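Beneath this line is the structure, given in structure tokens, with notes to follow.
The values are calculated or read from the model by the stated rules, or taken from the named source; none is laboratory data. In this text the structure is predicted, and so the values were computed from the model without any measurement. Heads up: the accessible areas ignore ligands, DNA and RNA and are worked out on the full protein's heavy atoms, side chains in. Shrake-Rupley method; radii C 1.70, N 1.55, O 1.52, S 1.80 Å.
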Amino acid sequence: MRLSLHCELKENEIPLDYRRKIVSMFKRCLTNYDEDVFNKYYHMRDPIQKEFTFSNYFQNPIIKKETIEIPNKRIIINFSTSDNVIGIDFYNAFVKNLYQEIRFSTLNSIKITRIVIQKERKISSNRVVFRTQSPLIVRDHHPESGKDWYYSCNDLNFEKFLKRNLYNQLKDKFSENIEKDLDTLSIKKLDMKKIIVTSYGIKMASSIGSFEMEGEQYILNEVYQSGAGSKKSLGFSMVDIV
């Protein structure tokens, strides 16, 4: 399920680290809708894996040192998931909060003014060209030390750790063949570049642009619907079909 949320801001500036504010908005929508549904996805500080991703669109943004100025005070948030239950839960929560002002930052608020259910593309080939809708995060997490390393399209291990991220995303959902199918998955960078992004105060290497994947259709569909890399539910790694 793919949704577009058309939103209006009270003021025309938002923090540079704005994705965390969108996550807070999601949390508020779920809480206002149903506490039990909220706890399915955000129970205290439990690391619940969430199979959705989102991106955003600003018209003619002005990037400043600490903030982003949005002259028309409008944001479009694109939300996507391969899980129908997640899609219905979030859709119902967004509908419940339609036209309701939600705190976005210290001096700003946001409200959803329109919800559009987007038509999904059908993948019927084993080869697809994707373009990033939000920066693609590829992460190598070390459980022993708790440290993370981030890889961009410029790094030699980019493909290796992108496949590892996909394995962690898909291993509980699909059969034992997932490891073999990911080994044979081909990833070809077409027009990509490295950028640095910030999330919860942490600066990370990421990639934007287009890339080609060739492999099993169920993997390609998951990438299209739920994202391609890490930190998807924090507003990263969303893609669309070129």
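Counting alpha carbon pairs within less than 8 Å and at least 6 residues apart, what relative contact order, in whole percent, applies to the chain?
27 percent
Please say if region 1-146 is rounded, prolate or oblate, where rounded means a/c under 1.5 for a ≥ b ≥ c the square roots of the C-alpha gyration tensor eigenvalues, and otherwise the choice is prolate for a/b larger than b/c and oblate otherwise?
Cα axes put region 1-146 in the rounded bin.
Only helical DSSP H runs with n ≥ 4 go in: add -39500 (n - 2.57) per run for the chain, normalise by residue count and round the 222 nm mean residue ellipticity to 500 deg cm²/dmol. Walk me through the numbers before you get to the answer.
Values: 6 runs with 64 residues, N = 242.
Calculated from helices alone, the mean residue ellipticity at 222 nm is -8000 deg cm²/dmol.
Given a 1.4 angstrom probe, what's the average accessible area per residue across the chain, in square angstrom?
Numbers: 12800 Å² over 242 residues.
On a per-residue basis, 53 Å².
In terms of the Cα gyration tensor, with a ≥ b ≥ c the square roots of its eigenvalues, is region 106-242 rounded because a/c is under 1.5, prolate because a/b exceeds b/c, or oblate?
Since a/c reaches 1.5 but b/c is at least a/b, the shape of region 106-242 is classed as oblate.
Which far-off residues, 5 or more places away or on another chain, put their amide H under 5 Å from the one on Leu16, with H placed in the peptide plane?
Sorted by chain and number, the residues that satisfy this are Thr67, Ile68.
Sorted from largest to smallest, which semi-axis lengths in Å does the alpha carbon gyration tensor of region 1-66 give for its equivalent ellipsoid, taking the root of 5 times each eigenvalue?
Listed largest to smallest, the semi-axes of region 1-66 are 26, 14, 12 Å.
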